[in-house]
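Trainee: First the structure, which I've put down as structure tokens, then a few questions once you've had a look.
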Amino acid sequence: MKDADLDIGNARELLTKLLSQYEKLLRETQQLIKLSDRKARELHLLNQKLKQLSKDFEFQSQHDALTGLYNKGEITRIIQEQLSLHDFILILFDIDYFKKVNDSYGHIVGDQVLKLIANLVEQNTKHKDYIGRFGGEEFVLILNDTTLEQSIETADKLRRLIGDSILDADGIQVSVTVSMGLTLCRQHELFEDVYIRVDQLLYAAKKAGRNRVEAMPAR
């Protein structure tokens with residue numbers, strides 16, 4: 001009888017130890033699960049940040065920091081891509097006597113004028129069109145699904161809109177005009193050829209008195 005009581009006592013003691021160890025193991029497991037969940041959340045947040053950084057880097061590499069338009073490298077790539085796909089209209093334009101704006105009001109106001117012009121053109125073009133800053137006060141506009149005659153009307157409308165606008169650049173009222181070269185680009189033309197052609201047209205607009213559109217079909 002004493003041996004049986006001893007065996008029961010030992011069994012209870014063993015069971016108590018096992019329960020204690022099990023509870024300890026359960027607590028540790030729960031802590032590990034919580035730690036794992038926290039690490040999983042941290043990894044998820046880190047992954048989201050990395051994705052956002054990647055998007056930010058891609059945007060910055062393709063867009064002009066001042067105006068938010070496509071930069072020269074990206075708009076050049078788009079022109080080359082469009083040339084491989086279909087015909088389109090290419091417009092090269094710049095702000096007349098822009099140096100006078102910088103000399104008269106300073107580069108901060110000059111930068112504001114560039115941003116205001118970019119916004120004005122963006123707001124008055126179709127979503128399927130592309131606009132980029134080619135450098136300095138020079139911009140590029142790609143018009144799709146339009147004819148040469150329609151695009152000339154569109155360009156002249158933009159020219160008049162810009163010329164008639166009073167730009168509020170940090171409290172300073174500024175008026176500017178733009179000169180434009182416009183050409184029809186045919187599928188499979190070379191970028192160098194269309195750029196030389198539209199650049200010559202812009203030069204012709206400047207030479208003819210500025211604040212005008214010079215247009216030419218593809219050769």
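The values are calculated or read from the model by the stated rules, or taken from the named source; none is laboratory data. These numbers come from a predicted model, not from an experiment. Positions of Cβ are backbone-derived with ideal geometry, glycine not excepted, and every protein chain shown enters the neighbour counts. Calculation scope for accessible area: heavy atoms of the full protein, side chains included, ligands and nucleic acids excluded. Shrake-Rupley method; radii C 1.70, N 1.55, O 1.52, S 1.80 Å.
Trainee: So which residues in region 201-219 are polar (S, T, N, Q) and over 14 Å from D94 (Cβ atoms)? Give the steps one after another, and end with the answer.
Mentor: Let us first name the residues in region 201-219 that are polar (S, T, N, Q), namely 211.
Matches in region 201-219: none.
Trainee: Of the numbered conditions (1) within 30 Å of H86 (Cβ to Cβ); (2) modelled with pLDDT under 95; (3) among the β-branched types (V, I, T), I152 satisfies every one except a single condition; which is it?
Mentor: Of the numbered conditions (1) within 30 Å of H86 (Cβ to Cβ); (2) modelled with pLDDT under 95; (3) among the β-branched types (V, I, T), the odd one out for I152 is (2).
Trainee: Is it the case that T147 is more than 27 Å from I108 (Cα to Cα), loosely packed, with under 14 Cβ neighbours inside 10 Å and not aliphatic (A, V, I, L, M)?
Mentor: In short, yes.
Trainee: Take Y70 and decide whether it is touching a residue at least 40 places away in the same chain (Cβ under 8 Å) and hydroxyl-bearing (S, T, Y).
Mentor: Values: touching a residue at least 40 places away in the same chain (Cβ under 8 Å): yes; hydroxyl-bearing (S, T, Y): yes.
So Y70 passes the test.
Trainee: Another question, then. Select, from R186, R197, R212, the only residue that is more than 15 Å from F98 (Cα to Cα) and without any contact (Cβ under 8 Å) to a residue 40 or more places away in the chain.
Mentor: The match here is R197.
Trainee: Residue pairs, Cβ under 7 Å, 6 or more apart or interchain, first in region 79-95 and of a type in the set (D, E, K, R), second assigned to a strand (DSSP E or B) and open to solvent by less than 60 Å² (accessible area, probe 1.4 Å). List them.
Mentor: D87/L184; D87/C185; D94/E138; D94/F139; D94/V178; D94/S179
Trainee: Criterion first (at pLDDT 95 or above, part of a helix (DSSP H, G or I) and not hydrophobic (A, V, I, L, M, F, W, C)) does R210 satisfy it? Can you show your working first?
Mentor: Values: at pLDDT 95 or above: yes; part of a helix (DSSP H, G or I): no; not hydrophobic (A, V, I, L, M, F, W, C): yes.
No; evaluated as a whole, the condition is false for this residue.
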